[in-house]
Amino acid sequence: MTSIFKKTLCSAVTILSCATQSAVAAPEIAWSQSGFDQPESVLVHPDEPLLYVSNINGTPTELNGKGYISLLSDDGSIIQHVWVNGMDAPKGMAMDADYLYVADMQRLHIIDYKQGKLIRSITAESSSMLNDITIDDAGTVYISDLTGGGIYRYRNNTLTQWISSNQLPHPNGLTIKDGALIVATWGEGMKEDFSTETLGGLVSINLETGTLTPYKSAQQFGNLDGIASAGDSLIISDWLNGKIFEFKNNAVQLLMETGKHSADISTKGEYLYIPMMFSQRIEAYKIQP
């Protein structure tokens with residue numbers, strides 16, 4: 001056997017080995033549950049084996065009073081299909097030790113999740129489509145306004161607009177990481193079909209000063225919807241194109257393709273939960289955080 005042939009064979013074996021390792025490391029579906037009504041967001045309880053799913057139950061902008069929240073076990077079994085109702089087009093959610101917060105068009109709903117009861121709804125008069133929510137360590141609630149632009153802040157029982165900037169082209173997904181608010185944007189020039197002239201990216205906002213810093217290595221890579229932490233990584237969903245990305249070590253890479261309309265995701269441990277909005281189902285995947 002010649003040395004050239006040996007090198008070629010070894011290279012082929014190495015490539016095959018790498019490909020096999022990549023296939024093993026790829027996210028594997030753990031379960032899929034159907035029967036929802038335009039599920040836009042899934043939120044995992046940090047301490048209990050529970051999931052919350054927001055069901056728009058209409059169009060994303062429809063004020064029909066038919067929206068609701070479902071309660072699931074983290075193995076995908078439905079505990080209560082209509083757990084809390086009386087909403088319009090509920091989308092992103094976040095929770096603290098006492099309450100579940102839900103973004104619903106111009107309103108922020110506050111739910112006592114221990115009782116399963118909607119106790120208060122607050123209107124952001126100048127908003128258009130409140131979309132995602134996150135909470136910092138001090139208990140301040142942040143809400144994105146996808147079509148109106150800007151970030152709202154709820155604290156001391158008051159809901160006001162905090163930031164509006166052209167550096168946030170249609171802000172959507174929110175998460176807190178390393179003391180900053182990370183925003184996943186949809187992109188510039190949104191059209192009627194929700195496509196854009198320019199794809200969105202990631203922006204960091206200093207919680208104390210409000211200073212915006214776009215991630216230079218994470219721009220124009222998707223019409224971004226949900227964002228969640230997984231170890232040292234950020235996992236981001238592209239709603240329009242049905243892709244899931246990982247942002248790690250200052251680089252974006254494609255993690256998987258799910259099909260269109262993968263919306264507001266959630267993570268816990270080794271699991272990634274994805275609402276497939278127009279397929280009417282929730283999918284859970286094992287990932288490697």
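Of note:
- Gap separating the Cα centres of segment 235-289 and segment 189-203, nearest whole Å: 18 Å
- Among the trypsin sites (Lys or Arg not before Pro) in segment 110-160, those placed in a DSSP loop whose Cβ has at most 16 other Cβ atoms within 10 Å are K114.
- The sum of -39500 (n - 2.57) across all DSSP H runs of n ≥ 4, divided by the residue count of the chain, sets its helix-only mean residue ellipticity at 222 nm to -3000 deg cm²/dmol.
- C-alpha center-to-center spacing [segment 124-177, segment 83-111] in angstrom: 14 Å
- Taking the charge dipole of segment 27-98 about its Cα centre, with +1 at Lys and Arg Cβ atoms and -1 at Asp and Glu Cβ atoms, the residue from T59, G86, S34 reaching farthest to the positive side is T59.
- Listed residue pairs exceeding 30 Å between alpha carbons, taken from K91/K286; K91/K268; K117/K243; K117/K260; K260/K286; K114/K248: K117/K243; K117/K260; K114/K248
- Amide N of segment 100-129 lying under 15 Å from the label point, which is placed 7 angstrom from the Cα of V82 along Cα→Cβ: 118
- Extension gain (nm, one decimal) between D137 and N166, 0.36 nm per residue minus Cα-Cα: 7.7 nm
- Counted by neighbouring Cβ atoms within 10 Å, the residues F278, F194, F221 run from fewest to most as F278, F194, F221.
Where a number appears in this text, it was derived from the coordinates with a stated rule and is not lab data. Everything quoted here is computed from the prediction, not taken from an experiment. We place every Cβ from the backbone using ideal geometry, glycine too, and count neighbours over all the protein chains shown.
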